[in-house]
Amino acid sequence: MKFCKGCGKLGHRLIDKHCHSCLKRLKEEESSRPPLVKCQRCKQKHRAGGDICDMCEFTLKVSKQRFCRVCKSTSDKGDFVISTKCKTCYGREYSKKNKGKRSAHNSSRRAMKMQAEPSWLTEEHRVEIEEIYNKCKSGYHVDHIVPLKGVGVCGLHVPWNLQHLKKDLNLSKGNRWWPDMWENDNKRKKK
């Protein structure tokens, strides 16, 4: 005969060194505890309520790091925070939701670099450019009819110089072709 590990009573049939009443109590306690969760940072199982374990949380607090739940990265900027999204994840999500705005902004920025966006362009024109980028279907590119930085010609980043063109056709065109290219080329050769 052996003694119960939980209550210390003498028992005939002990299961894992516990009597039946202690086993029942342990099962009830186990069910009321929070389930085991994998820590997003160290990948160890823990019973804490959050996404990361207490040890990782302490380490991040001491080192004053931020932890992102989406990409599971840490950064040294600012005070300790377990955020739902870091700036990078937020930016990615915003870009996915506002694809037209992002494309219009990138093209506008690129055009400004090449000084192809004229100073007289109005806000209505900019909205029109953004709409052209928003309406572009997958498999198509927004193409400049007259290239911004072409061979022998420079176009402008304006709504009437933009068109939707199939991806492969636009990539093969490059900046070597524009409308009336051959007419202008023949006029130059005749002179």
Query raised in the report: So which pairs qualify, if the first residue must be in the stretch 170-182 and assigned by TED's automatic domain parsing to the domain that holds VAL151 and surrounded by 10 or more Cβ atoms within 10 Å (Cβ to Cβ), the second must be among the β-branched types (Val, Ile, Thr) and modelled with pLDDT of 75 or more, the Cβ gap must be under 6 Å, and the two must be at least 6 apart or on different chains?
Result: TRP178/VAL146; TRP178/VAL153
Report task. Could you please find all residues in the stretch 64-121 being modelled with pLDDT under 85, basic (Lys, Arg), closer than 30 Å to LYS135 by Cα and under 16 Å from the mean Cα position of the chain (by Cα)? Result -> LYS85, LYS87, ARG92
Query raised in the report: Out of the residues in the stretch 122-165 that are of a type in the set (Ser, Thr, Tyr) and either at pLDDT below 90 or within 27 Å of the chain's Cα centre (by Cα) (or both), which is surrounded by the fewest Cβ atoms within 10 Å (Cβ to Cβ)?
Result: SER138
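Take GLU117 and tell me if it is acidic (Asp, Glu), out of contact with any strand residue (DSSP E or B) (no Cβ under 7 Å at 6 or more places or on another chain), at negative phi and assigned to a loop (DSSP other than H, G, I, E, B). Before you say what the answer is, go through the steps one by one.
Numbers: acidic (Asp, Glu): yes; out of contact with any strand residue (DSSP E or B) (no Cβ under 7 Å at 6 or more places or on another chain): yes; at negative phi: yes; assigned to a loop (DSSP other than H, G, I, E, B): yes.
Here the answer is yes, as GLU117 does meet what is asked.
The values are calculated or read from the model by the stated rules, or taken from the named source; none is laboratory data. What you see is a predicted model; the values in this text were computed from it and never measured. Cβ atoms come from the backbone with ideal geometry, glycine included; neighbour counts cover every protein chain shown.
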